[in-house]
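Structure record follows, encoded as structure tokens.
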Amino acid sequence: MVHLEYVFDRAKDLLKRPFVRYVLLGLTSLIFGFLSFKYVFLKSANPIDELYQCAVPSMIYVPPMINKVIAIQEEEFMTRRERLASTLASENVDAFVMEPTISMNYYANVSSNAWGLSERPFLGIVFADEESSGTTVFFLLPKFELPRAKELVGDKLFAKYITWDEDENPYQVLYDILGPSKLMIDGTVRNFIAQGLQQNGFEIVGLSQNVSSLREIKSNAEIDIMFRVNIATISVIRSIQPCLKPGITELHLAETINRLFNYGGLPSQDSPIVLFGERAAMPHGMPSERSLNKNEFALIDIGTELLGYHSDCTRTVLPNDQKMTEEMEKIWNIVFKAQTAGINALGNSNRTSCASVDQIARDVIREAGYGDYFTHRLGHGLGLEEHENTYLNSANNNTYVQKGNIFTVEPGIYIPNKIGVRIEDAVLVSDLPVLLTNFRANSPYEP
């Protein structure tokens, strides 16, 4: 029987030999290096990182495109105010009242991002009856906020300020200056402000269709911004589709999308719609830990903004190495055909109602036997709001598409617990419809 003392003695003798020491040192280094490499590799093999690194080279042209964008110039803001003043005069309204929301952004380049809403009224007022109405915006605000307001508004906008002390009624202060007046209230003005104006002697009317529609016709400057942000958005989907593999989760894909937006110089989206398989039958579902399985669709509906203007794009895609069933292919092609019909209906050659555009696309899906599974309107206006007037729905019979409108066209088929397919592009109404995404999807493999 071999004694332990003998074994230890032999081991000591071997370790005294240089060759053995070098071999053991080499083996130890090799094992340590292997374990270190494995740890670093596994740590870096994050699915979000892998997706991002795969997709981002295809996004290389996006940052320069975004960086070259030109903001809306003061001359255009002046033109907008002149159009507003003229419309107010035609409707026998004395002035238009707005808070720092979308309308103040549109007419005066001031929004809630720069001036948050509070219990203290901060109102912008454009008058109809002054020669200077197109160049002047009156602001009603707390006196202690005047320096901040002047800094925010700057010198480019010719503004006049009506201030009130903390112990004064702001609406009475305004009434004492204006006297009896008929005021049109923007649709985003809060109820307590409308009530305060009315209770202090003003005649209040709601937002008219004519004033509301002023924002629906986009200028060339607006169209340029919206081209850039929509091209950037669809570029995210086109870059990421070849990188998709079964096993990725909806949440991983949503996070990757936001990282790609940020790479392009654009803000993250609060809630990207990323849905796999049967979950895509929820048109506005939220991403989850659900993993992408083999041979199933991924529905991606995303948008961001540039200088306040929004994008909105949807694709239903498939990884390149996965196969569609006959039903998947059939449904995808029906939705594509319906979108084709809807886009073509937006040509400005005829007097076309918003309802008829919806119906033309809806008929394609209905005639294919899936009418019950197209459960929402065809589209909506797009601009400073992601969803804005006017809407492509079957009830909108008395509103007609106009040159300069920008709509989304987004038909879909949603079979509960089975499949969901939607395809969406933003379209500029012109003599021929113009895609803000440059070109349409060709297939689930070519978004």
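All of the numbers you see were taken from the coordinates with simple rules; none came from a lab. No experiment lies behind these values; they were computed from the predicted model shown. Every residue, glycine among them, receives a Cβ derived from its backbone with ideal geometry; neighbour counts consider all protein chains shown.
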**Asked** Using 7 Å Cα-to-Cβ label points, what is the Asp321/Met286 separation (nm, one decimal)?
**Response** 3.4
**Request:** May I ask which of Lys68/Lys245; Lys218/Lys330; Lys245/Lys330; Lys182/Lys403; Lys68/Lys337; Lys218/Lys323 have a Cα-Cα span longer than 30 Å here?
**Result:** Lys68/Lys245; Lys218/Lys330; Lys182/Lys403; Lys68/Lys337; Lys218/Lys323
**Request:** State whether region 92-207 is rounded, prolate or oblate according to the following rule on the C-alpha gyration tensor (a ≥ b ≥ c being the square roots of its eigenvalues): a/c under 1.5 gives rounded; otherwise a/b larger than b/c gives prolate, and the remaining case gives oblate.
**Result:** rounded
**Prompt:** Cα centroids of region 380-447 and region 170-222: how far apart, whole angstrom?
**Reply:** 31
**Message:** Using helices alone, I'd like the mean residue ellipticity at 222 nm for the chain: each DSSP H run of four-plus residues gives -39500 (n - 2.57), total over residue count, nearest 500.
**Reply:** -12500 deg cm²/dmol
**Prompt:** What is the spin-label model distance, in nm, from Lys337 to Leu432 if the labels are put 7 Å beyond Cα along the C-beta direction?
**Reply:** 2.4
**Request:** Please identify every one of the trypsin sites (Lys or Arg not before Pro) in region 236-340 that sits in a loop by DSSP and has no more than 13 other beta carbons within 10 Å of its own beta carbon.
**Result:** Lys294, Lys323
**Prompt:** Counting other Cβ atoms within 10 Å of each Cβ, which GluC sites (Glu not before Pro) in region 218-289 have at most 10 and sit in a DSSP loop?
**Reply:** Glu289
**Asked** Between (1) 25.1, 72; (2) 23.3, 76; (3) 30.0, 116, which matches Rg and Dmax of the Cα atoms in Å calculated for the structure shown?
**Response** (3)
**Request:** Please figure out what share of the DSSP beta bridges in the chain is antiparallel and state it in percent, rounded to the nearest 5.
**Result:** 75
**Prompt:** Tell me, what ³J(HN,Hα) does each residue in region 361-366 have, in order and in whole Hz, if you take phi through Karplus 6.51 cos²θ - 1.76 cosθ + 1.60 with θ = phi - 60° and put x for Gly and Pro?
**Reply:** 6, 5, 4, 4, 6, 5
**Message:** Lone cysteines in the chain, defined as no other cysteine's Cβ under 4.7 Å from theirs: which are they?
**Reply:** Cys313, Cys354
**Prompt:** What residues of region 88-107 lie in the reach of a label at Glu203, counting those whose backbone N is under 11 Å from a point 7 Å from the Cα along Cα→Cβ?
**Reply:** 92-94
**Neighbourhood charge, 14 Å Cβ-Cβ cut-off, centred on Asn191 and excluding it, Lys, Arg +1 and Asp, Glu -1** = -2
